[in-house]
Structures are given as structure tokens and as C-alpha cells.
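Step one of this worksheet: look at the structure below.
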Amino acid sequence: MRTDSLKWHVVYTKPKHELKVAKRMERLGIEVYCPTKTEVRQWSDRKKKITVPLFPSYVFVRVGEEMRNEALQVPGVVGFVYWLGKHAIVRDAEMEIIQDWNKGVRKGTTWVEAFTPGDRVSIANGAFDGEKALIKEVGTNQLKLLLPEIGIVLCVGHQTELKKVEV
């Protein structure tokens, strides 16, 4: 199978089935990515570290058109996520960012200049390279950006290179 025909898609799963779905798909030979994080949960008698999905009810799968139906047959899968009436496709660059971020890899430069809410910026690297944004909130480790052309709010960390844009 040609790997250039494979694209990353998002599969919606039954609640609490993400890890089971990922293992079942791996057994079928489907490339799958289910990012996880470790949380400490408190019970009445103890605390325990558990692994939970980073995106509840979602799993990323890399399939071609001929494998979509096979992926849908996996127990626990509800269906594919759609965007504008088509299967939502996650670009390879976006998947790399998610995978690197989940591994703790931080690429890029740190913010040199201070930003304030209302500043207009241009994103200079990553999956949203070249997009114009409006800063909504400034936190100690991240900024919340509004990307009006795409219609989304994006949280970015210090790995994102931003440049102020004159109005």
C-alpha cells in the first residue's frame, strides 16, 4: 500500500473506549495514534496514577479510502469526524505538532516581546504558519489566539513564533 495515499483522520469512539479502539486497530494493521496523559485520581482510600486519553472519545487513524470501512467495523468506533461534509483530515504537520507536544518536545523560539490582549499577530511557524490572529488572553505559559479567517480559538505555547502586525 502506498503511504502517500494514507491520510490522518479522526475517529469518534464510545466513551472510555479510546485505548481499546487503538489496540484493536493496531492488530488490524491500521496506523493509529491515541495520545495519553497521566493523571492522579483520588479514591476514598487511595490515590492512583492512571493513563487517560488526551482527547476523550477521539483517536487519530492513518488510512486510505479502501481502509475506512474496515476502521468503522472496529468495536467501539462510532464514526469518522466530518468537517464541511467531508471526512476531517489532519495534515501530517499538525500530527507532528501533536505528537511532539505530547512527548514534551518544544520546538521554535521563545517570546521575546510582551503581548497584550487585543494585539494583532502573524503566526510564523507550525501548522498555522502565515495565519493572522488576535490575542484574546495572555497566560504565563500560553496565549489564546482568535483566528478569524478560520473561525477558531487556538491556545499556543512558547514554541510558537509570533510577530506583531501593524493595523
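The values are calculated or read from the model by the stated rules, or taken from the named source; none is laboratory data. If you're wondering where the values come from, they're calculated on a predicted model, not measured in any experiment. Because the Cβ atoms are built from the backbone with ideal geometry, glycine has one as well, and the counts that use them run over all protein chains shown. To get the accessible areas, we keep the full protein, side chains included, count just its heavy atoms, and leave off ligands, DNA and RNA. Shrake-Rupley method; radii C 1.70, N 1.55, O 1.52, S 1.80 Å.
Return yes or no: is E39 of a type in the set (D, E), closer than 24 Å to E96 by Cα and either surrounded by 13 or more Cβ atoms within 10 Å (Cβ to Cβ) or out of contact with any strand residue (DSSP E or B) (no Cβ under 9 Å at 6 or more places or on another chain) (or both)?
Here the answer is no, as E39 does not meet what is asked.
Out of the residues in region 102-125 that are part of a loop (DSSP other than H, G, I, E, B), small (G, A, S) and at pLDDT 75 or above, which is surrounded by the most Cβ atoms within 10 Å (Cβ to Cβ)?
A124
For region 46-100, give me each residue that is surrounded by 13 or more Cβ atoms within 10 Å (Cβ to Cβ) and of a type in the set (K, R).
Answer for region 46-100, where residues must be surrounded by 13 or more Cβ atoms within 10 Å (Cβ to Cβ) and of a type in the set (K, R): R62, R68.
Kindly establish whether T13 is in contact with a strand residue (DSSP E or B) (Cβ under 7 Å, 6 or more places away or on another chain), among the hydroxyl-bearing types (S, T, Y) and open to solvent by less than 40 Å² (accessible area, probe 1.4 Å).
yes
Collect the residues in region 16-30 that are of a type in the set (D, E) and open to solvent by 80 Å² or more (accessible area, probe 1.4 Å), keeping them in residue-number order.
E26
If you take the residues of region 129-155 that are in contact with a Lys or Arg (Cβ under 8 Å, 6 or more places away or on another chain) and within 19 Å of E96 (Cβ to Cβ), which of them is surrounded by the most Cβ atoms within 10 Å (Cβ to Cβ)?
Checking each candidate, the answer is L154.
If a residue counts only when it is of a type outside the set (A, V, I, L, M), which strands (runs of 3 or more DSSP E) contained entirely in region 1-85 have at least 3 such residues?
7-13, 36-42, 47-53, 58-63
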